[in-house]
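Structure first, commentary second.
The values are calculated or read from the model by the stated rules, or taken from the named source; none is laboratory data. Being a predicted model, the structure only gives us computed values, none of them experimental. Note: ideal-geometry Cβ built from the backbone for every residue, glycine included; neighbour counts use all protein chains shown. Please note that ligands, DNA and RNA were not included when accessible areas were found on the heavy atoms of the full protein model with its side chains. Shrake-Rupley method; radii C 1.70, N 1.55, O 1.52, S 1.80 Å.
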Amino acid sequence: MREFTYDVQIQATQGYTFSGLHDAVKEGNLWLLSSSVPVNDQIILASKKMKEHTEPSDGLQIVFKNTTLPDSLVHRMTTDIQFVADFLAGLYGQPSCEKVSVVQSLRSKGGGYARLGGIVLGGLNAENYERSFKGYQRYFAHELAHLWWHQAPATSWHDWINEGFAEF
């Protein structure tokens, strides 16, 4: 599979915010999305209610993007994700990206997935975060681990290497 970098311009429909797993900037009525990191797919997010949250960090910068979660929970999740990222960095060194977008997905089927510079998390639920905290930590750790374990082709049987090390 071929990888590519991209620069995309989207003419904004009134009230919508556009983003992706990499850089997104609004200029007039255009949104400019770009990635200097080679990718094999392009993820574009559009919402009238998108919020972004970033916590200060000396390590990997986490940018949490969501539409439905309460701000207090987003702050807590971002801090928890940062803790896991710092733990992994202590074991394996810094990942090959300096910033990662963590995106809430509202899809009803499928779990999370990661790309270098971005993670999409499905099934985030404010009502059971405390009750299922350990499960969420494992979920965050698995997807974050792909920032270190991602170089085997994800579209062939070799993906077991990425998934095996992320699960470990």
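What to note about this one:
- Taking the conditions (1) more than 20 Å from Gly122 (Cβ to Cβ); (2) among the small types (Gly, Ala, Ser); (3) at pLDDT 90 or above in turn, Ser57 satisfies each one other than (3).
- Meets criteria (under 22 Å from Pro38 (Cβ atoms), modelled with pLDDT of 80 or more, aliphatic (A, V, I, L, M) and open to solvent by 20 Å² or more (accessible area, probe 1.4 Å)) for Ile161: yes
- Residue list for the range 90-136, restricted to those being open to solvent by 20 Å² or more (accessible area, probe 1.4 Å), assigned to a helix (DSSP H, G or I) and either of a type outside the set (S, T, N, Q) or modelled with pLDDT of 95 or more (or both): Gly90, Leu91, Tyr92, Ala126, Glu127, Phe133, Lys134, Gly135
- Considering residues of the range 1-11 that are closer than 15 Å to Ile43 by Cβ and among the aliphatic types (A, V, I, L, M) only, the residue surrounded by the most Cβ atoms within 10 Å (Cβ to Cβ): Ile10
- Whether a residue is part of a helix (DSSP H, G or I), open to solvent by 20 Å² or more (accessible area, probe 1.4 Å) and of a type in the set (Asp, Glu) was assessed, and Asp58 does not pass this test.
- The set of residues from the range 66-83 being part of a helix (DSSP H, G or I) and open to solvent by 10 Å² or more (accessible area, probe 1.4 Å) comprises Asp71, Ser72, Leu73, His75, Arg76, Thr79, Asp80, Gln82, Phe83.
- Test for Val63: is it touching a residue at least 40 places away in the same chain (Cβ under 8 Å), part of a strand (DSSP E or B) and either under 28 Å from Gln151 (Cα atoms) or among the aromatic types (Phe, Trp, Tyr) (or both): no
- A search for C-beta distances below 7 Å between a residue of the range 81-98 that is under 10 Å from Leu144 (Cα atoms) and any residue that is among the aliphatic types (A, V, I, L, M) and open to solvent by 20 Å² or more (accessible area, probe 1.4 Å), counting only pairs 6+ apart in sequence or on different chains, returns Val84/Ala141.
- Candidate set: the range 12-55, residues that are assigned to a strand (DSSP E or B) and basic (Lys, Arg); chosen: the one surrounded by the fewest Cβ atoms within 10 Å (Cβ to Cβ): Lys26
- Filter pass, Leu147 being assigned to a loop (DSSP other than H, G, I, E, B), surrounded by 18 or more Cβ atoms within 10 Å (Cβ to Cβ) and out of contact with any Pro (no Cβ under 6 Å at 6 or more places or on another chain): no
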